[in-house]
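The values are calculated or read from the model by the stated rules, or taken from the named source; none is laboratory data. Quantities reported herein were computed from a predicted structural model and do not represent experimental measurements. Heavy atoms of the whole protein, side chains included, go into the accessibility calculation; ligands, DNA and RNA do not. Shrake-Rupley method; radii C 1.70, N 1.55, O 1.52, S 1.80 Å.
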Amino acid sequence: MKELIDSSKKIIVFSGAGISTNSGIPDFRGEGGLYERVQDKYDLPYGEAIFDLNYFDSNPHPFFDLSREIVFHNAQPTLCHKWLARLEEEGRIAKIITQNIDRLHRKAGSQAVLECHGGYDKGRCRSCGMEYDFENYEKDIQHGRVPHCRCGGVVKPNVVFFGESLPEEFFHVWENPPRGDLLLVLGTSLNVRPAADLALKFTGLMPSILVNLEVTDHDNRFTHVIHEDLDSFVKSLGN
Ligand code: OAD
C-alpha cells in the first residue's frame, strides 16, 4: 500500500465525516453518530431531517445548533488532513473532493478542495433570496440564535440540503475528471448521492484505496480496502 501511495503523483481524494472524527466532530452514520444524537435531542422524525428543507422551514433550530457545534467547536485538523496538505505541497494532489462542511481541509492548508456539500461562507434568505456573507450571521450561530434577514425571513447558510443541487464545480468535475493516478476514498459510508457516485465513477478510471472504519456497501468497487482508523493508517505509512 505504501509503495502504491508513494509512487502516485496525482492523487484524487474523496473524503467524508470519518476524516474529522479524531478532531472531535462526530460523523453522521457511524456508531454514536450525529443523526442518532440529534434525533433523540430534538425529537426529529428521522435524523436526516436536520438537512431537510421542509423541516428547516418549520424548525431551523436543530440545524443551527448543529452548525454551532461544527463551526465553533474550534476543531483542529487531524493527522490525516495535515498529511493530505503536505502531499499537496509536494504537488501530488490532483483534487480533494470533500463532503464535509467543517472546513478542516482548508484549515490544514489544502487548497485544491471541492466542498461538494457547500458550506457556511455565504447564506441566503429563505423568503426574499437576499444573499449574506458569513460575517453577517456568524455571531448569531455562535450564540445559538437563528439568523434573520432584514425582511424577517430565516437566512440559511449554503450547506447543501437533501434535494438541493450540488455546486456547479461538482458537475464540472463530473464531466471533466481531473487526471489522477490514484483514488483515495477516506472516512465515508458512501451512502449519500450524488456525491458518492462521483467517487464510484472514479474507481473505474484508476487504482483505488478505500480507508474506512466500517464496511460500506461499495467495498467491492475498490482495488484495496482497509478497515482502520484513518490517523492510524496515516501513521502506518510512516507519517
Ligand atoms: P457518514 O457518517 O455517513 O460515514 C462516515 C464513515 O466514516 C463511517 O462509515 C465510519 O465508519 C467512518 N469513520 C468514522 N471515524 C473514522 C476514523 N477515525 N477513521 C476511519 N473511518 C472512520 O459520513 P459521510 O459519508 O461523510 O451531509 O456522509 C455523507 C453526507 O451525509 C455528509 O456530507 C452530510 C450527511 O448528510 C452534509 O453535511 C450536508
With θ taken as phi - 60° and the coefficients 6.51, -1.76 and 1.60, list the Karplus ³J(HN,Hα) couplings across the stretch 19-28 in order, rounded to whole Hz; mark glycine and proline as x.
6, 10, 4, 5, 8, x, 8, x, 7, 9
Between residue 169 and residue 9, what length in nm is gained on full extension when 0.36 nm per residue of separation is reduced by their alpha carbon distance?
55.3 nm
As computed over the stretch 151-204, the Cα convex hull volume per residue (Å³)
113
I'd like the antiparallel share, as a percent to the nearest 5, of DSSP beta bridges with both residues in the stretch 1-139.
25
Table column - 3J(HN,Hα) (Hz), the stretch 65-78, Karplus curve with 6.51, -1.76, 1.60, x for Gly and Pro:
5, 4, 4, 4, 5, 6, 8, 10, 6, 6, 5, 10, x, 7
With the convex hull built on the Cα atoms of the chain, state its orientation-averaged projected area in nm².
12.6
Express the relative contact order of the stretch 1-126 as a whole percentage, based on alpha carbon pairs under 8 Å and six or more residues apart in sequence.
29
Helical contribution to [θ] at 222 nm, DSSP H n ≥ 4, -39,500 (n - 2.57), averaged over the chain, rounded to 500
-9000 deg cm²/dmol
Express the carbon and sulfur contribution to the solvent-accessible surface of the chain as a percent, rounded to the nearest whole number, probe 1.4 angstrom.
46
The stretch 27-71 - Rg (one decimal) and Dmax (whole number), Cα, Å:
9.8, 29
What list of ³J(HN,Hα) couplings, whole Hz, do you get for the stretch 128-135 from phi and the Karplus terms 6.51, -1.76, 1.60, once you set θ to phi - 60° and write x for glycine and proline?
9, x, 4, 8, 10, 8, 3, 4
Between residue 14 and residues 5 or more places away or on another chain, the pairs with built amide H atoms under 5 Å apart involve 97, 184, 185, 186
Accessible area (Å², per residue) of the chain, counting only protein heavy atoms and a probe of 1.4 Å
48
